[in-house]
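None of the figures in this text is laboratory data; all of them are computed from the coordinates on show. Values in this document were obtained by computation on a predicted structure and should not be read as measured data. In this analysis, Cβ positions are derived from the backbone assuming ideal geometry, glycine residues included, and neighbour counts consider all displayed protein chains.
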Amino acid sequence: MAEETTRDWREICKLILDEDWLRVLGVLAVQPGSARDVARQLEMKEQLAARHTGRLAEAGLLKMVGAKQFALDTDILQAWKRELFAGAPPTTAAGTPEAKVLTNFVEGGQLKSIPTSQSKRMVVLAWLARMFQPGVDYPERQVNEILRRHHADYASLRRYLVDAGLMQREGGIYRRTEAAPAAPGIGPGDVPAGVSHDED
């Protein structure tokens with residue numbers, strides 16, 4: 001899992017550090033366009049522009065906004081930014097029960113396991129919910145992609161987020177709720193399988 005995530009980021013870095021691909025992103029960040037539009041603006045062959053836009057869309061940096069029209073996917077960029085800088089146990093105050101749960105279950109931005117205890121799971125879900133921006137619509141594919149970077153069982157996490165009221169789902173579109181419930185307190189006897197009282 002960790003190797004797959006590292007390989008993905010390395011590939012994305014290759015794309016955005018390549019001068020030609022960066023120029024394509026620059027054009028489509030200003031306004032949506034087709035491969036032909038990109039080729040005309042950058043004075044490159046249309047076949048090459050089509051290959052670049054296709055590769056950038058594959059990587060998630062571009063999205064389709066119409067028939068053969070591409071645009072910079074600012075939503076995924078914001079999600080990646082939160083993911084990269086949220087990484088370790090986040091905005092929860094150090095020493096709190098929530099911080100201890102995140103320390104036990106999250107390492108290097110990766111969820112080691114999904115807690116079986118509902119209260120601890122809520123802490124982890126609240127952390128995952130912060131990877132999504134309130135008020136932004138996410139197609140299921142994008143939700144899966146974001147969650148997969150943190151744990152292989154993204155389908156369960158997606159379902160838990162909806163069941164917990166942290167995300168809403170309608171017609172295959174997901175949205176983080178604007179007033180996500182606070183994670184509940186954790187009692188000394190509330191320990192998930194595989195985690196000792198000492199770790200808590």
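A few remarks follow.
- Here's how it looks for GLN69: its modeled amide H is under 5 Å from none belonging to a residue 5 or more places away or on a different chain.
- Given LYS63/LYS100; LYS14/LYS68; LYS81/LYS120, the pairs whose alpha carbons are separated by over 31 Å: LYS63/LYS100
- Label-to-label distance, nm, for residues given as LEU42 and ARG130 (7 Å Cα→Cβ offset): 3.6 nm
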